[in-house]
1. Those residues that are surrounded by fewer than 20 Cβ atoms within 10 Å (Cβ to Cβ) and either part of a helix (DSSP H, G or I) or not hydroxyl-bearing (Ser, Thr, Tyr) (or both), I need them from segment 304-314; list them, please.
2. So which of LYS321, LYS327, LYS293, LYS301 ends up being over 28 Å from GLY263 (Cβ atoms) and either in a helix (DSSP H, G or I) or of a type outside the set (A, V, I, L, M, F, W, C) (or both)?
3. In segment 185-223, which residues are under 19 Å from the mean Cα position of the chain (by Cα), away from ligand 1 (no atom under 16 Å from the Cβ) and over 18 Å from LEU153 (Cβ atoms)?
4. Within segment 286-303, is even one residue among the hydroxyl-bearing types (Ser, Thr, Tyr), in contact with a Ser or Thr (Cβ under 8 Å, 6 or more places away or on another chain) and more than 25 Å from ALA210 (Cα to Cα)?
5. Within the set of pairs 6+ apart or on separate chains, which have a first residue in segment 113-138 that is assigned to a helix (DSSP H, G or I), a second that is within 14 Å of ligand 1 (Cβ to nearest atom) and polar (S, T, N, Q), and C-beta atoms under 9 Å apart?
6. Mind counting the residues in segment 164-186 that are surrounded by fewer than 19 Cβ atoms within 10 Å (Cβ to Cβ) and within 16 Å of ligand 2 (Cβ to nearest atom)?
7. For segment 84-107, enumerate the residues that are away from ligand 1 (no atom under 16 Å from the Cβ), aliphatic (A, V, I, L, M) and out of contact with any Lys or Arg (no Cβ under 8 Å at 6 or more places or on another chain).
Amino acid sequence: MPARRLPKRTSGFNELYLYLVFFINIPLFIQSALAGGDFDIWIFMFNPKEILKLAQTGKYAIGSFNFSTAEILKAIVLAAKELKSPIIVSTSEGEASFLGMREAAALVEAWSIATKLPIILNLDHGKTPELIKKAIAAGYSAIHFDGSHLPYLENLAQTKKVVDYVRGVEKTFDRQIIVEGELGYLRGSSSVHKEALKVESEDMTSPEQAEDFIAHSGVDSLAVVIGNAHGVFAQGQEQLDLGRLDEIRRVVGTQAFLVLHGGSGIPEKDIKKAIKLGIVKININTELRVAYKEAIEKQIKEEPTETTPYKIMTPALEAVKIVSGEKIKLFGSKNKLKDLRI
Ligand code: G3H
Ligand code: ZN
C-alpha cells in the first residue's frame with residue numbers, strides 16, 4: 001500500500017477557516033450586538049486542532065480531564081478558567097453512558113459560553129464506530145477511536161474508516177473534529193492498583209508502526225504506549241521510556257499530535273520530559289477520581305447529619321479543582337489562552 005501524504009496543516013488553512021466562520025456567522029454577530037452582547041457567538045470560532053497545534057509549536061501539553069458528573073466538569077472548568085488555560089474534557093464509554101452524551105455536550109457548551117473558554121469535548125477510548133458516530137452527533141469536537149486491542153492491520157483499517165467518516169462530517173457540516181488513534185497495549189484501568197505494574201517492551205508502541213499508522217490512517221493524533229498505564233500503582237510509579245518517545249517523535253515529526261494516556265501516577269519529571277519530547281495531550285482520570293472520593297468520604301465523616309447535596313459535594317469540587325489546576329501548571333498550558341485567535 002503506497003504511503004499517502006497527509007495534507008500539511010498550515011496556519012494559512014487555519015486563517016482561511018476562521019475567516020469563513022467569521023463571515024458565515026455575521027448574522028449571529030448582529031444578533032449578539034442587538035442582545036447587548038449577551039448572546040455569545042465567539043464559541044463558533046475555535047478550531048480544536050488549532051489548540052493542539054499551538055501546544056505542539058509552543059512545547060506544552062493540554063490536559064484531557066475525565067468527568068462523569070456535572071460538579072466534576074465544573075471543577076475542571078473553573079481551574080482552567082482561573083489559570084487561563086485551554087482544556088479538553090473527556091468521557092469514556094462508561095462515563096458517557098452515566099451522564100449521557102447529549103447532556104455532557106450541553107453542559108460543556110453552557111460552561112464554554114459562561115466562561116468564554118474554548119473547551120474541547122472528547123470521547124475517550126471509543127471502541128466502536130457506532131459510539132464514535134453517536135458522540136459526533138451529540139456535538140463532541142474530538143474522538144478517540146481505540147482499536148489497540150485489534151491486530152495491527154485490523155486496527156489500521158478500522159481507524160481509517162473512522163477517519164474517513166469524520167472527514168465527511170467535517171466537510172458536510174463545516175466542523176473540525178480531532179481524530180485520535182491508538183497503538184500499543186495500555187495496561188490497567190482508571191483506579192488504584194495494589195499490584196505492581198510491569199510493562200513489557202512488546203506492549204509498547206513501535207516507532208515504525210507509528211509512522212505507518214499515521215500515514216495510512218490519516219489520524220490527527222496518536223496515543224502511544226511508552227511505559228504509561230491507566231491508574232495509579234501503589235507499588236512504584238510508572239516509568240516512561242523516553243528514548244522510545246524520542247524515536248517516535250523523530251519518525252512521526254509533526255504529522256500527528258502525540259498523546260499520553262494514563263497520566264495519573266507518572267513522576268512529574270517524566271511528564272515534563274515527555275512534553276519536551278513532543279507530547280501535546282495528557283489524559284488524567286484516576287487522580288481526579290481519588291481526590292473526589294476522598295473529599296466526599298471526609299466530608300460525610302465530619303458532617304454525618306448533613307443532607308444537602310451541594311454542601312456535601314462542595315469539598316469534592318474543590319479537591320478536583322486543585323488537582324486539575326496542578327496538572328494544568330505541570331503541563332505548561334497556564335496562560336496559553338492568549339495564543340488562540342478567538
Ligand atoms: O483515558 C483516560 C486516561 O488515560 C486516564 O488515565 O486514570 O491513569 O489518569 P489515568
Ligand atoms: Zn486512556
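None of the figures in this text is laboratory data; all of them are computed from the coordinates on show. Treat the numbers as computed from the prediction; the structure is a model and nothing was measured. Glycine gets a Cβ as well: all are built from the backbone with ideal geometry, and neighbour counts include every protein chain shown.
1. Those that are surrounded by fewer than 20 Cβ atoms within 10 Å (Cβ to Cβ) and either part of a helix (DSSP H, G or I) or not hydroxyl-bearing (Ser, Thr, Tyr) (or both): PRO304, GLU306, PRO309, TYR310, LYS311, ILE312, THR314.
2. Checking each option against the conditions leaves just LYS301.
3. Correct list: ASP220 only.
4. Taking every residue of segment 286-303 in turn, at least one turns out to be among the hydroxyl-bearing types (Ser, Thr, Tyr), in contact with a Ser or Thr (Cβ under 8 Å, 6 or more places away or on another chain) and more than 25 Å from ALA210 (Cα to Cα).
5. That search, which allows pairs on different chains as well, returns ALA135/THR91; ALA135/ASN122.
6. Within segment 164-186, residues that are surrounded by fewer than 19 Cβ atoms within 10 Å (Cβ to Cβ) and within 16 Å of ligand 2 (Cβ to nearest atom) number 1.
7. Once the filter is applied, which keeps residues that are away from ligand 1 (no atom under 16 Å from the Cβ), aliphatic (A, V, I, L, M) and out of contact with any Lys or Arg (no Cβ under 8 Å at 6 or more places or on another chain), segment 84-107 yields ALA105, ALA106, LEU107.
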